[in-house]
Amino acid sequence: MARSRPTRPPRPVLAVVVLSLIAALVAVIPASAATGDDVLLNEVFVSHTGTDDTEFVELFGTPGFGLDGLSIVELEADVGNSSYGAIDTQIDFGPADAIGTNGFFLVGNPVGLGANYGVVPDLDIAADELENSSATHALVETASIGGTLVVLDAVHLTDDDLDPPLLGAPS
């Protein structure tokens with residue numbers, strides 16, 4: 001009597017099932033920054049051609065993470081400027097501000113961002129709100145402003161005159 005072999009699904013079908021299960025598991029794992037932080041500066045865009053109405057700061061982090069109690073500050077970083085190290089711009093987050101379900105939060109000018117990229121920022125800023133020369137942008141605890149800043153993340157942008165970064169920010 002011949003023995004019958006158990007039937008198995010064809011290998012391509014098995015591969016699709018396994019990949020689908022992996023994709024489903026990855027989809028439910030909450031996103032966070034590669035460093036494990038709940039929120040980080042992802043991208044800063046300032047000083048473009050024409051009126052600066054497309055400036056933005058993009059945050060990346062854990063979906064749903066509340067931003068209340070945090071601020072983005074921009075520190076003057078031109079060494080020869082009399083206000084070197086001072087806060088040029090401060091953008092405070094409120095109780096309703098949180099990282100979106102996609103892991104991003106966009107702060108920017110709605111006019112330029114809408115016209116050029118078709119996006120609406122989560123928090124609006126005016127045209128020319130951000131510094132056009134060397135500046136350090138930092139995500140900080142709002143309560144620490146006026147004292148020793150508690151910095152969650154920072155980045156330094158320069159206008160090619162080699163002004164050093166503040167707050168230990170990378171350039």
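The values are calculated or read from the model by the stated rules, or taken from the named source; none is laboratory data. Values in this document were obtained by computation on a predicted structure and should not be read as measured data. Heads up, the Cβs are rebuilt from the backbone with ideal geometry, glycines too, and the neighbour counts pull from every protein chain shown. For accessibility, only protein heavy atoms count, side chains too; no ligands or nucleic acids. Shrake-Rupley method; radii C 1.70, N 1.55, O 1.52, S 1.80 Å.
Structural remarks
- By accessible area with a 1.4 Å probe, ligands and nucleic acids excluded, highest first: order of Tyr117, Tyr84: Tyr117, Tyr84
- In this view, the solvent-accessible surface of Asp124, computed with a 1.4 Å probe and all protein chains in place, comes to about 90 Å².
- 20 Å cut-off, amide nitrogen to a point 7 angstrom out along Asp92 Cα→Cβ, residues in the range 51-79: 57, 66-76
- Phi angles of the range 116-122 translate, via the Karplus equation with coefficients 6.51, -1.76, 1.60 and θ = phi - 60°, into HN-Hα couplings of 8, 10, x, 10, 10, x, 6 Hz per residue; Gly and Pro are given as x.
- Virtual spin-label span in nm between Glu141 and Ser171, 7 Å along Cα→Cβ: 3.0
- Annotation for Asp128 and Asn102: the two label points, set 7 Å from Cα along the Cα-Cβ direction, are 3.0 nm apart.
- Its Cα gyration tensor gives the range 119-168 an equivalent ellipsoid, and the semi-axes of that ellipsoid, as √(5λ) in whole Å with the largest first, are 20, 19, 9.
- The range 92-128 and the range 129-171 have Cα centres separated by 20 Å.
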